[in-house]
Amino acid sequence: MPGMHGGEGRAMSNSTPLLERKLTPREIAESYGVNQSKVLAWIHSGQLRAVDVSSNPGSGRPRWRVSPAALADWEVSRTCSPPEPKARRRRRKDPDLVEYF
């Protein structure tokens with residue numbers, strides 16, 4: 001039936017955060033135009049939060065999933081803000097200098 005989860009007879013709620021669609025490292029890599037190994041490096045370094053959904057966590061082959069909220073946090077942390085304009089410094093006039101013009 002449409003809107004049912006796994007045939008268990010319960011309707012999926014789009015507002016439940018646990019059921020929101022998680023992204024794979026491959027999907028993230030494709031959307032940002034980088035290699036999948038780069039996304040995995042961000043996960044391993046702790047820059048990008050991810051969850052290991054493998055059947056045997058701690059095994060040698062994790063299956064990472066990233067929530068949209070974690071991806072948004074990562075984007076904010078890597079967003080460059082424009083530098084504040086520097087105050088222009090005025091040259092001090094030399095009291096011994098005579099200006100003719």
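Just so it is clear, none of the values below were taken in a lab; they were calculated from the coordinates. A quick note: this is a predicted structure, and the numbers were derived from the prediction, not measured. Cβ: placed from backbone, ideal geometry, glycine included. Neighbour counts: every protein chain shown.
What is the calculated FRET efficiency for residue 34 to residue 90, with r their C-beta to C-beta distance and R₀ = 41 Å, to the nearest 0.05?
After rounding, the FRET efficiency stands at 0.35.
Residues with amide H under 5 Å of residue 48's amide H, sequence separation 5 or more or different chain, H placed in the peptide plane at 1.01 Å from N; which?
43
Quick one: if you stick a label point 7 Å off each Cα along the C-beta vector at residue 59 and residue 24, how many nm between them?
About 1.6 nm separates the two model spin labels.
Provide 84, 75 in ascending order of the number of other Cβ atoms located within 10 Å of each residue's Cβ, fewest first.
Result, fewest neighbours first: 84, 75.
Please rank 94, 73, fewest neighbouring Cβ atoms within 10 Å first, as an exposure proxy.
The fewest-first ordering by Cβ neighbours comes to 94, 73.
Give the order of 78, 91 when sorted by the count of other beta carbons within 10 angstrom, beginning with the fewest. Please report the intermediate quantities before stating the final value.
Details: 78 10, 91 5.
Starting with the residue having the fewest Cβ neighbours, the order is 91, 78.
Please give the net charge around residue 34, taking every other residue with its beta carbon less than 15 angstrom from that of residue 34, where Lys and Arg add +1 and Asp and Glu add -1. Provide the component values of the computation, followed by the final result.
Working: positive: 26, 38, 78; negative: 27, 30, 75.
That sum, taken over residues with Cβ under 15 Å, equals 0.
For residue 38, give me every one of the aspartates and glutamates with a C-alpha distance below 16 angstrom, ignoring sequence neighbours fewer than eight places off in its own chain.
List returned: 27, 30, 75.
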